[in-house]
1. Name the residues in segment 1-26 that are touching a residue at least 12 places away in the same chain (Cβ under 8 Å) and either touching a helix residue (DSSP H, G or I) at 6+ places or on another chain (Cβ under 6 Å) or assigned to a loop (DSSP other than H, G, I, E, B) (or both), would you?
2. Might you let me know whether segment 389-397 holds any residue that is basic (Lys, Arg) and outside any loop (DSSP other than H, G, I, E, B)?
3. Does ASP311 satisfy the condition of being over 25 Å from SER745 (Cα atoms) and touching a strand residue (DSSP E or B) at 6+ places or on another chain (Cβ under 6 Å)?
4. Taking segment 725-747 on its own, how many of its residues are closer than 14 Å to GLY259 by Cα and touching a residue at least 60 places away in the same chain (Cβ under 8 Å)?
5. Going through segment 483-507 one residue at a time, which ones are of a type in the set (Ser, Thr, Tyr) and more than 23 Å from PHE587 (Cβ to Cβ)?
6. Considering only segment 372-408, how many residues are small (Gly, Ala, Ser), touching a residue at least 60 places away in the same chain (Cβ under 8 Å) and either farther than 19 Å from THR326 by Cα or open to solvent by 30 Å² or more (accessible area, probe 1.4 Å) (or both)?
7. Among the residues of segment 398-431, count how many are assigned to a loop (DSSP other than H, G, I, E, B) and of a type in the set (Phe, Trp, Tyr).
8. Would you mind telling me which numbered condition in (1) crowded, with 18+ Cβ neighbours inside 10 Å; (2) under 21 Å from the mean Cα position of the chain (by Cα) VAL490 fails?
Amino acid sequence: MNAKFSPEQVVAVSDQEQSILIYDFSGDALPSAFSFNNIDAELVSQGAGITCGEQALKIHCNSAENMYTSVYIEPETPFDWSKLADFSFAFDTTNTGSRCTQIFINIFDHKGQMHSRSVNVAAGVTQTNLVELKGEFLRNTTSCESGLRSDPASFETPFEYATWMWGLMNIDLTAIAKIELSIHGSLIDHDMVLDNFRLIMSPEHNRDFLKASIDRFGQDANTEFAEKVQSEEDLLKRMDDELSVLEEGAMADRSRFGGYTAGERYEATGFFRTQKLGDTWALIDPEGYPYFATGIDILRLANSYTITGVDYDHSLVKQRTSDDLTPEDSMEKLVVSKAAMASGKVINQWRRDFFQWLPDIDDPLAEHYSYAREVWEGPVEQGQIFSFYGANLQRKYGKDYMETWRKVTIDRMVNWGFTSLGNWTAPEFYENETVPFFANGWIIGDFKTVSSGDDFWAALPDPFDPLFRTRAEATVAQVREEIKDTPWCVGIFIDNEKSWGRMGTIEGQYGISIHTLGRDAAECPTKAVFVELMKDKYSSIDALNASWGTTIASWDAFAKGVKDLEHNDAQLEDYAICLEAYASEYFRVVNESLKAVLPNHLYLGSRFADWGMTPEVVRACAKHVDVVSYNYYKEGLHPQPWKFLAEIDMPSIIGEYHFGVKGEGLHHAGLVTASCQEERGKMYEAYMHSVIDNPYFIGAHWFQYIDSPVTGRSYDGENYNVGFVTNADIPYQPMVDAAKRIHSSMYQRRFGGKK
């Protein structure tokens, strides 16, 4: 095959498609570029899925037993697609299984740079999937130029426009080395037919593809869906209907704190604690009843704001200070003066034109304007933001809308069966004394930092810097002031999804050690500790050199920094020692700071992202926390990656997971997807059953309460359909029904039947 593609090769297939065919499986054997991981593959010549020609590729993905199943396409000579005009990589899929399939599409250039998207294919559906690789609106690495994490297509197409996930928008199109289609973290096997891999030329882009797309309720104006509010009268009617249902109250067999009263009772200490019941870890509530923590994250308005394209005179806006204890994206509304609002000027007209309506500054709903002083990535660096969700609450509940909203939210949690309020719950909920809550804090400040080489959200703290302990103590002092030592607090998370390291490569797993060893100990407290660790292990620098195969001149030279190591077995062993020492100090300092002022409350760690948890760091964490916490965005607890739980034998909790649907009012379905709201509820149920059935997990929290804004949250553009309620505060009934099914049987499933 000629790896170079030119405009002359484009063929008009139909009115909707001009393309270049790459693979259509017309030969007697599979193309040599194809290989498979945990997949059974064959050519088929009849049946469902033959979309063009006489043959297609049928695959059975053994994903119930294998965490990753993949189709790889690796041409002998990398593809050169650089001469083409705007285009998408495309292929046809038919889902021959009984449930939807999420396919991750990762395209790599010769430098290893990745462009990653995903599609969801409903059961029984055939569709053509587009991965746009060259186009007018492909910008940045995470958020698009629009400020949305993933845009809809900017051109007319009948095909499925793949959702942006991560990597680089613009990889090197002169040398495409590998294409990977993968399914990962699924609890079931999947069956698909693949056909007609090709490049489809993009029709003319429409610069106004998002213009006037957001209505006055913050909804997608161009899409109809069951939960869509049509008018203020409709909003109030839906409110009245829901409030009558919420009067049903709590589920049976629940203690005052939500524990299980139909089972055995244990020692009551007046606070939440952990206990192993036979082979099963459990929380015990303050009255001594077994307790399983289910809840929803982000019961607050902080993440409901979206960028308007307007900015103010910065001198009229309060700026951040060095003693702030809350990151910008977790701040509740920043109140700005009328003078600041009056100074507003449109700095991004394209973004401002997305909205059919925004209130004038004298409108009563102008109360829901705020200001973002920091934007992680988006269409502006800072500027005015607006909460449609807050405005809709005011429309629904009137003058005391926040007080009413908090009451309705608690009533929902009780009626839906949740036993707790999840992480990032607004402190105003802490005094509700109806549903227990989880508290949180962030350690931020001017302490020194270290790097893993892949610092996703931010650089890592240097816990050996004395200022880190000072800031940790300031953080837990604030948490103590918020929770007031109440027994209704289940436990406390400190920090979130830190970039401890990624498994799969030496540099990924041991990046903290490798990068820190390259630094000067005089400037890096952690490096100074690593030097002492190696001095304690090796009798001399000569002994270290003999083990490492190096020629380091002296311990002073070692302290100055060592780089370009070969990563031999001895070095790997020492990287692990250093990494565990680093992580142990972080968790030790936080635990000591917390227990000094909150001795009755559980320390729940920092919520490991599944991309940021290495064995050394998890072991270090387990030494100092009461419960190990993980954010795990998969279809459920797949057995392969969790085998280590038996080794550390610690109570564990899921801090975040979700499922979403694309096309029902939002342009991104989230990290794990379903084909419709009903299937979303079923997948949620399956995930929770995998947690309830695991003896090490004592709970799981859904992320999040409210859908992302349709135009993306202000900090980073997340525009996910992952809420239990819409931006108009309308519950997704299939999710509510699934929650009630889960919670009505959860305790019997976990702890057995009634006495």
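The values are calculated or read from the model by the stated rules, or taken from the named source; none is laboratory data. Computed from a predicted structure; not experimentally measured. Virtual Cβ from ideal backbone geometry, glycine too; neighbours counted across all protein chains shown. Heads up: the accessible areas ignore ligands, DNA and RNA and are worked out on the full protein's heavy atoms, side chains in. Shrake-Rupley method; radii C 1.70, N 1.55, O 1.52, S 1.80 Å.
1. Applying the first criterion (touching a residue at least 12 places away in the same chain (Cβ under 8 Å)) to segment 1-26 yields 1, 3-7, 10, 16-26.
MET1, ALA3, PHE5, SER6, VAL10, GLN16, ILE20, ASP24, PHE25, SER26, listed by residue number.
2. The initial filter retains those residues of segment 389-397 that are basic (Lys, Arg), namely 395-396.
Going one step further and asking which of them are outside any loop (DSSP other than H, G, I, E, B), we end up with 395-396.
Checked segment 389-397: at least one residue is basic (Lys, Arg) and outside any loop (DSSP other than H, G, I, E, B).
3. Details: over 25 Å from SER745 (Cα atoms): yes; touching a strand residue (DSSP E or B) at 6+ places or on another chain (Cβ under 6 Å): yes.
The answer is yes for ASP311.
4. Residues of segment 725-747 that are closer than 14 Å to GLY259 by Cα, as a first pass: 743-747.
Filter once more, so that each one left must be touching a residue at least 60 places away in the same chain (Cβ under 8 Å): 743-744, 746-747.
Going through segment 725-747 one residue at a time, the tally reaches 4.
5. Applying the first criterion (of a type in the set (Ser, Thr, Tyr)) to segment 483-507 yields 486, 499, 505.
Result: THR486, THR505.
6. Within segment 372-408, the subset small (Gly, Ala, Ser) is 372, 378, 383, 387, 390-391, 398.
Remaining after also requiring touching a residue at least 60 places away in the same chain (Cβ under 8 Å): 372, 378, 383, 387, 390-391.
Then keep just the ones that are either farther than 19 Å from THR326 by Cα or open to solvent by 30 Å² or more (accessible area, probe 1.4 Å) (or both); that gives 378, 387, 390-391.
Of the residues in that region, 4 qualify.
7. In the first step, residues of segment 398-431 are kept if they are assigned to a loop (DSSP other than H, G, I, E, B); the result is 398-400, 417-420, 422-426, 430-431.
With of a type in the set (Phe, Trp, Tyr) added as a condition, the list becomes 418, 424, 430.
Selection size over segment 398-431: 3.
8. Only one criterion in (1) crowded, with 18+ Cβ neighbours inside 10 Å; (2) under 21 Å from the mean Cα position of the chain (by Cα) is unmet by VAL490, namely (2).
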